[in-house]
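Written out below as structure tokens is the structure these notes cover.
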Amino acid sequence: MRSKIQSAFAATVMLVSATLPAGAQGTLDRSKVPTLGPPPKVTLPPIITRQLSNGLKLMIVEQHELPLADFILVVGGGGTMDPASKGGVANLTSSMLTEGTTTRGSLDIADQVAFLGINLGAGSSWDETTIRLHTPTMQLDSALALFADVALHPAFPATDFERVKKNRLTSLVQLKDRPTAIADQAYASILYGSAHPYGHNLGGTEASITAMTTGDLKSFYSANFLPNNSTLIIVGDVTPASIERKIDALFGSWTRGTVTPATFGEAPKAAATTVYLIDKPGAAQSSFRIGSIGVPRSTKDYFALNVLNTILGGSFTSRLNQNLRETHGYTYGARSRFDMRQSAGPFTASAEIVAAKTDSGLVEFMK
């Protein structure tokens, strides 16, 4: 059996080798870095902006290569809008959007998604809640009707809420045994403190989720799901005039309201480099989180910082990964990133370092 596998492998290698152009081996000088050619010219399709009478903004990009369309409803309200004692309400609200409407149960929604062959889902981040739809244009009208029903008429059924809540509590308990999750939450809490939304857990705590009711979800929905607080992004095999008519028929009666902007406390500034140690007995690795408060997405240095971070820790060939993984073998991967949000998010360099090399890994990181 082994000889047969070896023979097959050899034959495969010979086949691949045989497809190389004649003389290719002699023309490739691996001692020299390849010369980059001119960057390709990129022509992006135009973004067509429309607005319904109730304030819902539409951003439409036509792409007619395939009979598909994508819709993303972006609502300006995420984890930063969680009340102080109701951490995780935005996240839990988004989880419940596909669990039932005033006319459809959770199984009805799941059955229709499967029948139409579409993707439909919802989620939330710090600054927004999103509902996403991916559909063939052949099913466009039925898919949009379901999409609008989920966005505009959630029922937050009690039975499904209890199930989703129990799943969330189970996940929170599991996170207590994961060093990476412990490090992430401790890092955010240390950087921002309890007065700033970014210092909290986006998914809530055991106490806040246990005490949460469907009334809390309905309050969050009513305060934030407003047409004048939302943007609908549409990309695909559609025309602006036609898709605007369809959206207006489904979303035009959505009632606008008063938008409450998010407020942020002042994040504390670090006076000096400080090492915080959380002991996790028996851990095979040390979870490193190194950094400080970074910049908001609105920074004029957005592109420069992305280039900078690609060099530092944003790619496999970055300096951090080449040093800590390739040169020293302390980790499977070291990385860094700027998490740019509405307010200044964290800059973080991170890695999971083999425990025996914790001190050496820190020295190399700080280089």
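The values are calculated or read from the model by the stated rules, or taken from the named source; none is laboratory data. Predicted, not measured: the structure shown is a model, and the values here were computed from it. All Cβ positions, even for glycine, are placed from backbone atoms using ideal geometry, and neighbour counts span all protein chains on display. The area values use the complete protein model at the heavy-atom level, side chains included, leaving out ligands, DNA and RNA. Shrake-Rupley method; radii C 1.70, N 1.55, O 1.52, S 1.80 Å.
Just to be sure I understand, how many residues within the stretch 332-347 are in contact (Cβ under 8 Å) with a residue 60 or more places away in the chain, out of contact with any Asp or Glu (no Cβ under 7 Å at 6 or more places or on another chain) and either open to solvent by 30 Å² or more (accessible area, probe 1.4 Å) or not hydrophobic (A, V, I, L, M, F, W, C) (or both)?
1
Quick one: I234 ticks every box in (1) open to solvent by 50 Å² or more (accessible area, probe 1.4 Å); (2) in contact (Cβ under 8 Å) with a residue 24 or more places away in the chain; (3) more than 22 Å from L277 (Cα to Cα); (4) of a type in the set (A, V, I, L, M) except a single one, so which number is it?
Condition (1) is where I234 drops out.
Which of the residues spanning the stretch 126-164 are in a loop (DSSP other than H, G, I, E, B) and in contact with a helix residue (DSSP H, G or I) (Cβ under 7 Å, 6 or more places away or on another chain)?
Answer for the stretch 126-164, where residues must be in a loop (DSSP other than H, G, I, E, B) and in contact with a helix residue (DSSP H, G or I) (Cβ under 7 Å, 6 or more places away or on another chain): W126, D127, F156, P157.
Of the residues that make up the stretch 154-176, is at least one surrounded by 13 or more Cβ atoms within 10 Å (Cβ to Cβ) and more than 30 Å from D108 (Cα to Cα)?
yes
Kindly indicate which of I278, I209 is within 28 Å of F161 (Cα to Cα), in contact (Cβ under 8 Å) with a residue 24 or more places away in the chain and either part of a helix (DSSP H, G or I) or open to solvent by 70 Å² or more (accessible area, probe 1.4 Å) (or both).
Of the residues listed, the single one that is within 28 Å of F161 (Cα to Cα), in contact (Cβ under 8 Å) with a residue 24 or more places away in the chain and either part of a helix (DSSP H, G or I) or open to solvent by 70 Å² or more (accessible area, probe 1.4 Å) (or both) is I209.
Which one of these is within 30 Å of F147 (Cβ to Cβ) and either among the charged types (D, E, K, R) or open to solvent by less than 90 Å² (accessible area, probe 1.4 Å) (or both): E326, E244?
Going through E326, E244 in turn, just one is within 30 Å of F147 (Cβ to Cβ) and either among the charged types (D, E, K, R) or open to solvent by less than 90 Å² (accessible area, probe 1.4 Å) (or both): E244.
Only one of S315, S286 is out of contact with any Cys (no Cβ under 8 Å at 6 or more places or on another chain), farther than 16 Å from E352 by Cβ and surrounded by 11 or more Cβ atoms within 10 Å (Cβ to Cβ). Can you tell me which?
S315
Restricting to the stretch 184-203, name every residue that is of a type in the set (A, V, I, L, M) and either open to solvent by 50 Å² or more (accessible area, probe 1.4 Å) or at pLDDT 95 or above (or both).
Across the stretch 184-203, the qualifying residues are I190, A195.
Look through the stretch 19-74, keep the residues that are part of a strand (DSSP E or B) and either among the charged types (D, E, K, R) or modelled with pLDDT under 90 (or both), and return whichever of them is nearest to T258 (Cα to Cα).
K57
Where the second residue is among the basic types (K, R) and the first is farther than 17 Å from Q342 by Cα and lies in the stretch 291-319, which pairs have Cβ atoms under 6 Å and are six or more apart or on separate chains?
Taking only residues 6 or more apart or on different chains, the pairs are L312/R319; G313/R335.
Among residues belonging to the stretch 258-270 that are open to solvent by less than 80 Å² (accessible area, probe 1.4 Å) and in contact with a helix residue (DSSP H, G or I) (Cβ under 7 Å, 6 or more places away or on another chain), point out the one that is farthest from N224 (Cα to Cα).
Checked the stretch 258-270; the qualifying residue farthest from N224 (Cα to Cα) is A267.
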